[in-house]
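J.: Before I ask anything, here is the structure I am working with.
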2 protein chains.
Amino acid sequence: MKTKTSRCAGLPDAAELERLASVLRLLAHPERLRIVGRLERGGAAPVHELMGDLDHTQGALSQHLNHMKRAGLLQAERRGKEVWYSIADRRAVSVLHCMCCKKENP
Amino acid sequence: MKTKTSRCAGLPDAAELERLASVLRLLAHPERLRIVGRLERGGAAPVHELMGDLDHTQGALSQHLNHMKRAGLLQAERRGKEVWYSIADRRAVSVLHCMCCKKENP
DNA sequence: GCAACATATCATGATATGATGATATGTCAA
DNA sequence: TTGACATATCATCATATCATGATATGTTGC
């Protein structure tokens, strides 16, 4: 027996692959990778602090944060005037770490 | 002391982040994720076999393969009329596995 | 209410990426 | 050398993404 998926058994289906790809698209951006790294190392932070650490304009940073939040990668919590962001999906950190490994096969 | 990068120490520099992001951009596509999964599970294969397994048109598949090859994610070897592709950068597989994990934090 | 601050959203033009169909190149066998 | 097969590349159009600057919303303290 040889179906179209015989060598792809166990792979996510089309809809799930589309979801995985859409999350990866968000991570596939240098500034957003920096945001993930910053939040991993420095912990949760309000936007203006991230602005200082990462050297973004306010509008651009806010859009990056909101995209990642809507995708579930980050979570946000308002504390008074500030909104504190932190990592909500550990796959963001995992992917960053994966990418920083050596690429060679063992 | 509090520099702009004090909470980002150890993160890759801007050029390296751009390189990581460009590799992730390639993986951030459902069809290319399927190609990685197929090559991981079924091993190296010529293009026409991938075409059958993955249900792509020839031109589209060839372009995906070549993009990933140029980025070093895949490698290609000609055997007679055929060109056999296989995975060259294990990060491709790692990222796919990362993405298939549960997203919840422990 | 108003001022000051923190964050979010919008509008726009520039650039990148993707799908498709056509065409070109390379390899082998007869 | 010709034909058949395998793969690569090209041209084009449609769509998505990005950066930027302007503007809007929400929060607090006075």
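Here, each number is a calculation from the coordinates, and none is a lab measurement. What you are looking at is a predicted structure, and each value in this text was computed from that prediction instead of being measured. Here the Cβ positions follow ideal geometry from the backbone for every residue, glycine too, while neighbour counts run over all protein chains shown.
J.: What distance in nm separates the two pseudo spin-label positions at B:Ser22 and B:Val83, each 7 Å out from Cα along the beta-carbon direction?
T.: Once both label points are built, they end up 2.0 nm from each other.
J.: What average count of beta carbons from other chains do you get within 10 Å of the Cβ of residues in B:90-102? Write out the running numbers ahead of the final one.
T.: Numbers: counts 7, 8, 2, 2, 7, 9, 7, 2, 12, 13, 6, 4, 3.
Per-residue shielding by partner chains comes out at 6.
J.: Other chains' Cβ within 10 Å of A:15-24 residues: what's the mean?
T.: Whole-number average of other-chain Cβ neighbours for A:15-24 is 6.
J.: Using r as the Cβ-Cβ distance of A:Ala60 and B:Asp55, and R0 as 35 Å, what FRET efficiency do you calculate, to the nearest 0.05? Write out the running numbers ahead of the final one.
T.: On the way: r = 39 Å, r/R0 = 1.11.
Once rounded, the FRET efficiency stands at 0.35.
J.: Under a point-charge model restricted to the Cβ atoms of Lys and Arg (+1) and Asp and Glu (-1), what is the dipole moment magnitude of the protein assembly as shown relative to its Cα centre, in debye to the nearest 20?
T.: Here the protein assembly as shown has a charge dipole of around 120 debye.
J.: Provide the per-residue ³J(HN,Hα) series for segment B:77-82, in order, calculated from phi with Karplus coefficients 6.51, -1.76, 1.60 and θ = phi - 60°, each as a whole number of Hz, with x at glycine and proline positions.
T.: 9, 7, 10, x, 6, 9
J.: About its Cα centre, what dipole magnitude does chain B give when the only charges are +1 on Lys and Arg Cβ and -1 on Asp and Glu Cβ, stated in debye to the nearest 20? Mind dumping the intermediate values first?
T.: Working: 18 positive and 12 negative charges, 74 e Å.
Dipole of chain B, to the nearest 20 debye: 360 debye.
J.: Using modelled amide H (1.01 Å from N, peptide plane; none on Pro or chain starts), what sits under 5 Å from the amide H of A:Leu73, excluding residues fewer than 5 places away?
T.: Placed amide hydrogens put nothing under 5 Å from A:Leu73.
J.: Would you mind listing how long chain B runs along its three principal axes, going by Cα atoms, in whole Å with the largest first?
T.: Taking max minus min along each principal axis of the Cα atoms, chain B gives 63, 31, 20 Å.
J.: Would you pull out the residues with amide H under 5 Å of B:Trp84's amide H, same chain only if 5 or more places away, H placed 1.01 Å from N?
T.: Distant-sequence amide H within range of B:Trp84: B:Glu77, B:Arg78, B:Arg79.
J.: Remind me, relative contact order of segment B:31-100 in percent, using alpha carbon pairs under 8 angstrom and six or more residues apart?
T.: About 37 percent, as a whole number.
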